[in-house]
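The values are calculated or read from the model by the stated rules, or taken from the named source; none is laboratory data. The model shown is predicted, which means the values in this text are computed figures rather than measured ones. FYI the Cβ positions are ideal-geometry reconstructions off the backbone, even for glycines, and counts take in every protein chain you see. Accessible surface areas use protein heavy atoms only, side chains included; no ligands, DNA or RNA. Shrake-Rupley method; radii C 1.70, N 1.55, O 1.52, S 1.80 Å.
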Amino acid sequence: MGMYEDDGVMVGARGRSLWQEEAARRRRMPDPVRDSAVRAVLIVAVTLTQATVTFFLTLTGSWLALPMALGAIAGTVVATWGVLDVLITRQMWNQRYGVVSEPSSTARGRRRERRRARQEALAEARRQPGGATGRIPRSGGAPAGARPAAWPPPGADRRYRASSGRG
């Protein structure tokens, strides 16, 4: 094995090893996205090579320039499709598997504390005489299940009565 051991440290020498693990800057792409990205890179590479050959064939005046030019145009269309495939596959993956809707532990604890405080305040209000719950009292004429009106009815306002004396 020479002067290096299996772990990459030089025998008898101080210093760092040849192989050092570093944390990845980004997470690994999902398999379908990576597959489409590799496919797109290969298609784009072939298309660029074909366009370069077409350019040189055109400079030399070869009869192969026309078929190669048509192939380069078709390759450009296919390469565009390949790049769009990467973007669409990535978006699809993110929509299906990318969002994890779990509240963090701190959010869950805060929500639990607020709920507990709200229940204690409600229980305290019920223990008070009169059973006040801290809510706005309903008007006497409204049924128990009805929502209170945001505005009073027009008949309740003196300005709209026919016998207001103005006129």
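Figures for the structure shown
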item	result
Answer residue from the stretch 30-47, given it is small (G, A, S) and out of contact with any Ser or Thr (no Cβ under 7 Å at 6 or more places or on another chain) and is most open to solvent (accessible area, probe 1.4 Å) among those	A45
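Yes/no matrix, rows are residues, columns are (1) at pLDDT 85 or above; (2) over 30 Å from L48 (Cβ atoms):
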| residue | (1), (2) |
| --- | --- |
| M68 | yes, no |
| A72 | yes, no |
| V77 | yes, no |
| R96 | yes, yes |
| E102 | no, yes |
| R108 | no, yes |
| E113 | yes, yes |
| A117 | yes, yes |
| R135 | no, yes |
